[in-house]
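The values are calculated or read from the model by the stated rules, or taken from the named source; none is laboratory data. A quick note: this is a predicted structure, and the numbers were derived from the prediction, not measured. Note: ideal-geometry Cβ built from the backbone for every residue, glycine included; neighbour counts use all protein chains shown. In case anyone asks, the SASA skips ligands and DNA or RNA and just uses the protein heavy atoms, side chains included. Shrake-Rupley method; radii C 1.70, N 1.55, O 1.52, S 1.80 Å.
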Number of protein chains: 2
Amino acid sequence: MENESRVVIEAVTPEIDGGRFPIKRTVGEAVVVEADIFADGHDALAGVLRHRREDVPEWTEVPLVHIGNDRWRAAFTVGDIGRFHYTLVAWIDRFASWAQDLAKRVGAGQDVAVNVMIGAGLVEAAARRAGGVDAARLAAYADALRAGGPDAIRVALSDELARLVARHAGRADAAAYGNDLVVVVDRDRARFSAWYEFFPRSCAAEPGRHGTFADCEARLPYVAGMGFDVLYVPPIHPIGRTHRKGKNNADVAGPDDPGSPWAIGAVEGGHTAVHPQLGTLEDFQRLIGSARRHGMEIALDLAFQCSPDHPYVTEHPEWFRRRPDGTIQYAENPPKKYQDIYPLDFETRDWRALWDELCRVVRFWIDQGVRIFRVDNPHTKPFGFWQWLIGEIKREHPDVLFLCEAFTRPKIMYRLAKIGFIQSYTYFAWRNTRYELTDYFTELTQTVVREFYRPHLWPNTPDILTAYLQDGGRPAFAVRLVLAATLGANYGIYGPAFELCENRSAAPGAPPPASEEYLNSEKYEIKHWDLDRPGNLRGLITRVNRIRRDNPALWSDRSLWFHGTDNDALLCYSKQTADRANVIVVVVNLDPHRPQAGWTGLDLGRLGLASDQPYEMHDLLSGARHGWRGASNYVALNPETAPAHIFRIEREARHA
Amino acid sequence: MENESRVVIEAVTPEIDGGRFPIKRTVGEAVVVEADIFADGHDALAGVLRHRREDVPEWTEVPLVHIGNDRWRAAFTVGDIGRFHYTLVAWIDRFASWAQDLAKRVGAGQDVAVNVMIGAGLVEAAARRAGGVDAARLAAYADALRAGGPDAIRVALSDELARLVARHAGRADAAAYGNDLVVVVDRDRARFSAWYEFFPRSCAAEPGRHGTFADCEARLPYVAGMGFDVLYVPPIHPIGRTHRKGKNNADVAGPDDPGSPWAIGAVEGGHTAVHPQLGTLEDFQRLIGSARRHGMEIALDLAFQCSPDHPYVTEHPEWFRRRPDGTIQYAENPPKKYQDIYPLDFETRDWRALWDELCRVVRFWIDQGVRIFRVDNPHTKPFGFWQWLIGEIKREHPDVLFLCEAFTRPKIMYRLAKIGFIQSYTYFAWRNTRYELTDYFTELTQTVVREFYRPHLWPNTPDILTAYLQDGGRPAFAVRLVLAATLGANYGIYGPAFELCENRSAAPGAPPPASEEYLNSEKYEIKHWDLDRPGNLRGLITRVNRIRRDNPALWSDRSLWFHGTDNDALLCYSKQTADRANVIVVVVNLDPHRPQAGWTGLDLGRLGLASDQPYEMHDLLSGARHGWRGASNYVALNPETAPAHIFRIEREARHA
């Protein structure tokens, strides 16, 4: 028998799995909180959204506003990186209940003398709660009510009195929402970034030589010049010799084959060492500094696995699983075998030491200046490990970002984001049709998923050369570039393969993933790319990245909205800033083989346009300007010349 | 740093608000439980649904089955009334993981000698967990594996071994779902019932006399003859004299006016007393027995409010709120005043005593044999009170049912159901168009709402004479009868007003609720109804209730499904048993003024029909049989003669 508050607070959004996981925001973004709040009877309610930085004990309060059907809303803006908490409190507003009743009685011409006395009592109670000058003012109001007459009614229903009493609301019977909710706030780059991946060893100026960090520095102007702000490099550690893979994933390496960078560890060291042919740790630090001067950050690969030559294998044999014949269990996905890689055994009895060591590895690279990690295959390690590791690191360094490279089942991908990954690879590479793209990106950006999952869009990776790119050639690369860069505020390409439209498969026509391997994959050999190869996409990429930087609408995914077209080969979508000062409309011809034309079916309400309003569409790719009117406008796109429009709706024309 | 289970269990259904509230079932119904279950990596998983009666400490387990996309399912049937618990446990199935890998290796022609040894170790571990004969059998299997060779592989992949190991699965690393979920199981009548409401005082055989419980007994054959199984009577307690209401809610009663039965309490007693003019407590007990012999239960009204003459007012003045002038606060909904009713003050400091007393009232009537309560306006009393009261009573008497009479905002109606009400009134009375009915009943029956909210459909009540009935006359009553009785497994009518098509408003054309008051409302006067009035619906009601009893498809709401028609005036829907042995298709002309015709657009898949299959539609209302084929069939309905079809798809024809 417990007499709880009469007020109910439920159906709070945003909230992930009953408050078990934090939501995500970046600095300056709003957290718009809503809840169903109600009580028995007909009393007026009031409430507040409470929020605070995790390290600040005091709550800041924002009044909740009723938006209809017992739904209430308030918002706060997260001002800096770190963890913030938010929750809700609501109570019966006895003064407002009384005032709204009084107004009805007065309207009905009833004698309200006794009712005004009840109000006087409520005001006196507020006076007792208030201190100082407010107490005196409230006492004076109470006296005015007790004096009665028409003047008392005027006072009773005055806004000043309502505001004054509200400031000292009685919360004795308040309901506090049971969940203390958390928002993890990251820096801007978590929300908006353009990544470029290259293999440092392929950066030498002349063919045949192993590239170095110094060569990477020389390549920075090229990458920064295209407009990228994150340079991601595959593992830079010593590469094992035992069972090293040869060209095209051959079981036996030739004497000069460099091996896969993901076969980490050799006599020269493991996860905190640098591959000698790339240079020294100092060279790497210099690369970080040099990148910074080009407006770029280096993202390092975290691949927690070992070559048979990794120092861990001898120093910590207990971290590997042994087979009954005494050999160490190498990586497998039966019937496939990866003899050049030993997985770490996260179920080892010595798991505490293993976890600590891996955390030490991350701290080591943070100490070198790295603040972004691209995590290789996290879905093959326990969720609990990542939740702990990311939690530890973010507590010490809330500016560190982790990109989750898991291409696995949907619920596992989402779980990894919930437990802490800041950004996540997506299925974008394999979503090609209008239905697929609309369905998937609506799920990512317009459902609860957007509260915890930050999509990172890659049209290709060293492992993923899709059938669409193999089949569609240069126009396909252009289409996928525009889609990645405008559907996703975060996107990246694996270059120079991408901008050179490299699309020869190691196993054409085979089922994926075999067919998605590059012929002469850079994973197993040093490449010398001709960056000026005819037909390269450097100009388009530069232009698209410039458009991204110039248009705040493209800095976030939350406003993504799909519009209709009468041709399934034409995909149309928009992004906009909250104030609609910047509205981008993209139309893409998804067919890399044929020109396609058709009519748009724009959701004008979404774009803030009236149905008969003329407006100007400025194609930021071609520079052309088109006069449009209403929802239905003609579009024709030739994949060979212009596979997409990236329109900005010109503010001036919109008001014309 | 905690090394939790690698297995995740989430997105469990059914579950209300993170497990805070129980779901509802009736005896013999299934609880189909689903969850997302997955782990890192590629191991095989296994798990069980656990369930138990609340008073039985041991769990019963049902294996979970993977149904795709990491979703798992299992079910159990609740065998008797009371509270049951259910939850989930899942673990890495190391033997199955090993066996599935081994099969792939064997398929790829690999040497598996070492792998078979690993399996032997897993089987030996199972043998250690097993007792008795299974231990010995497992040990023998392990020996067979250790012997190696082709025979060992055959043994390794055998179903017998898999089953035997599964029986002794190692759950050391199991994940237990965090929520202990509850299902409240009621008797059948909670799910399927036909209610009839009448005023006992209007049951006298001759005009002008106050009806008695004996008169009610004489009326039972009439009510039971129409096929109703619950008889609900407004409050039977002494009625106050102070501020008693006169005819048509007049402020002053005439000397012979009987007053509103909801103005409870007089010098003769309060909530546990019987109005002397109705008879004695013994007479009421006899009515209960007599009703039982007619296959009916009596539902009593629980209206926790008092007339100014109620004994509580003098015995417990602390249970009422006093105004500054010393008077007791009467019920109000400003500017309306209900001076004949004092609300109880649930915020009294003496709330414990008040709650206990109201619980005593319920127990008192349970002791008289009442097992169903229709609760008047629960939304004007605290949620916490009802949660406690219903919990107490159900603990002692799990067969007791409470019907929630709250016509208020949607979230409050749902909350009352979540906290314990067994059945709930709905907005049915005001849902008239095809869109309104489809939208509302889809929400009630095809979303999570169905797990906690049991709709009870009333086309009229003593307070609700809808505009549709006022305007549509007899055909409107027929339409609403068919809708109520087939859309809702639970439905009721307020008679004899309903079957006599009484539809004169006290304030025609006024806005509701004033216009929804009956002219010469039975709430304020004794009525003498001519049960044989021409045009009455007794025959239709009898037929519809007979159809309900004969067709199990109509005993539940969970299978309700709306089908298309090409005429918005025609509403088409179906209900069916799980095995489709009984499939009912209803087509209703929602227009009470004009004949309407059109073509159905049946969802054949839902009905288990092939697109070209002929089948026979047997109209259980008219007796006619129609040969139909495919989704599109012609229907014409005349509101004057036959406003609806209630078809049964004939099993024989379906297989023709």
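Odds and ends about this structure:
- C-alpha long axis of helix B:383-396 to longest principal axis of chain B, angle in °: 70
- Cross-link pairs exceeding 20 Å between alpha carbons, from the set A:Lys245/A:Lys527; B:Lys337/B:Lys523; A:Lys24/A:Lys394; A:Lys336/B:Lys104; B:Lys418/B:Lys575: B:Lys418/B:Lys575.
- Partner shielding of A:12-25 amounts to 1, given as the average count of beta-carbon atoms from other chains within 10 Å of each residue beta-carbon.
- Relative contact order of the range B:478-592: 24 percent, from C-alpha pairs under 8 Å at least 6 residues apart in sequence.
- Length-normalised contact order for the range A:345-456 - Cα pairs under 8 Å, 6+ apart - percent: 22
- Residues whose amide H lies under 5 Å from that of B:Phe38, counting only those 5 or more places away or on a different chain, are B:Val8; hydrogens are built 1.01 Å from N in the peptide plane.
- Ordered by 1.4 Å accessible area with all protein chains kept, B:Glu268, B:Glu10, B:Glu54 run largest first as B:Glu268, B:Glu54, B:Glu10.
- Per the Cα gyration tensor, the range A:20-132 maps to an equivalent ellipsoid with semi-axes of 36, 17, 10 Å, ordered largest to smallest.
- Considering only the protein assembly as shown, percent of DSSP beta bridges that pair antiparallel, nearest 5: 70
- For the range A:99-158, the percent of C-alpha pairs falling in each 5 Å distance bin, counted from 0 to the bin holding the largest distance, reads 4, 21, 31, 22, 13, 7, 2, 0.
- From largest to smallest, the equivalent ellipsoid semi-axes obtained for chain A from the alpha-carbon gyration tensor read 56, 33, 20 Å.
- Residue-averaged 222 nm ellipticity for chain B, from DSSP H runs of 4+ at -39500 (n - 2.57), nearest 500: -9000 deg cm²/dmol
- Expressed in units of 2.2 N^0.38 Å, where N is the residue count, the Cα radius of gyration of the range B:284-384 is 1.27.
- What separates the Cα centres of the range A:281-319 and the range A:558-635 is a distance of 44 Å.
- Neighbouring Cβ atoms from other chains, within 10 Å of the Cβ of residues in A:34-42, number 6 on average.
- Karplus-based coupling profile of the range B:608-625, in residue order and whole Hz: x, 10, 7, 5, 10, 8, x, 8, 9, 9, 9, 6, 6, 7, 9, x, 6, 10, with θ = phi - 60° in 6.51 cos²θ - 1.76 cosθ + 1.60 and x standing for Gly or Pro.
- Using alpha-carbon coordinates, inclination of helix A:467-487 to the longest axis of chain A, degrees: 30
- Global form of the range B:104-195, assessed from the alpha-carbon gyration tensor, a/c cut-off 1.5: prolate
- Whole-number percent relative contact order across chain B, with pairs defined as alpha carbons under 8 Å at least 6 apart: 10
- The residue in chain B that lies nearest, by its beta carbon, to the axis linking chain B with chain A is given here with the distance in whole angstrom as B:Gly18, 2.
- Inter-copy label distances at A:Thr348, shortest first and taken from points set 7 Å along Cα to Cβ: 7.1 nm.
- Taking all protein chains as shown and a probe of 1.4 angstrom, B:Tyr518 keeps an accessible surface of around 10 Å².
- Here the alpha carbons of the range B:551-611 define both size measures, Rg and Dmax, at 12.5, 38 Å.
- For the range B:545-656, convex hull of alpha carbons as volume per residue, Å³: 97
- Under 5 Å between amide hydrogens, built in the peptide plane, is the criterion, and for B:Ile464 it picks out nothing among residues at least 5 positions away or on other chains.
- For the range B:388-465, chymotrypsin sites (Phe, Trp or Tyr not before Pro) are listed when DSSP marks them as loop and at most 11 other Cβ atoms sit within 10 Å of their Cβ; the list is empty.
- Taking every residue in A:334-340 and counting other chain Cβ atoms within 10 Å of its Cβ, the average works out to 4.
- Longest to shortest principal axis, alpha-carbon extents of the range B:500-587, angstrom: 50, 30, 23
- Oblate is the label for the range A:296-335, because the ratio a/c of its alpha-carbon gyration tensor axes (a ≥ b ≥ c) is 1.5 or higher and a/b is not greater than b/c.
- Taking trypsin sites (Lys or Arg not before Pro) as exposed when their DSSP state is a loop state and no more than 11 other Cβ atoms lie within 10 Å, the longest site-free interval of chain A runs over A:1-348.
- Virtual paramagnetic centre 7 Å along Cα→Cβ of A:Gln446, amide N under 12 Å, in the range A:597-629: A:603, A:606
- Teacher prompt: A:Lys247 distances to equivalent labels in other copies, 7 Å Cα→Cβ, nm: 10.9
- Shortest-first nm distances, B:Ala172 label point to equivalent points in other copies (7 Å, Cα→Cβ): 5.9
- About the centre of its Cα atoms, chain A shows a dipole size close to 640 debye [charges on the beta carbon of Lys, Arg (+1) and Asp, Glu (-1) only; nearest 20 debye].
- Shape category assigned to the range B:420-481 from the gyration tensor of Cα positions, a/c cut at 1.5: oblate
- Nearest-10 value in Å² for the accessible area of A:His294, using the 1.4 Å probe: 80
- Inter-label distance, nm, simple model (7 Å from Cα along the C-beta direction), B:Thr77/A:Arg292: 7.1
- The residue list A:Ser515, B:Ala224, B:Leu537 was ranked by how far each Cα lies along the charge dipole of the protein assembly as shown toward its positive end, using unit charges on Cβ atoms, and B:Leu537 comes out on top.
- Helix A:281-293 and the long axis of chain A differ in direction by around 50°, with both axes built from C-alpha atoms.
- Under a model in which nothing but the beta-carbon of Lys, Arg (+1) and Asp, Glu (-1) is charged, the protein assembly as shown shows a dipole of about 800 debye around its Cα centre.
- Residues whose placed amide H lies under 5 Å from that of B:Arg558, excluding near-sequence neighbours: none
- Unit charges at the beta carbon, dipole of the range B:274-373: most positive-side option, B:Thr327, B:Gly295, B:Gly279: B:Gly295
- Kirkwood's formula applied to the C-alpha pairs of the protein assembly as shown gives a hydrodynamic radius of 36.4 angstrom.
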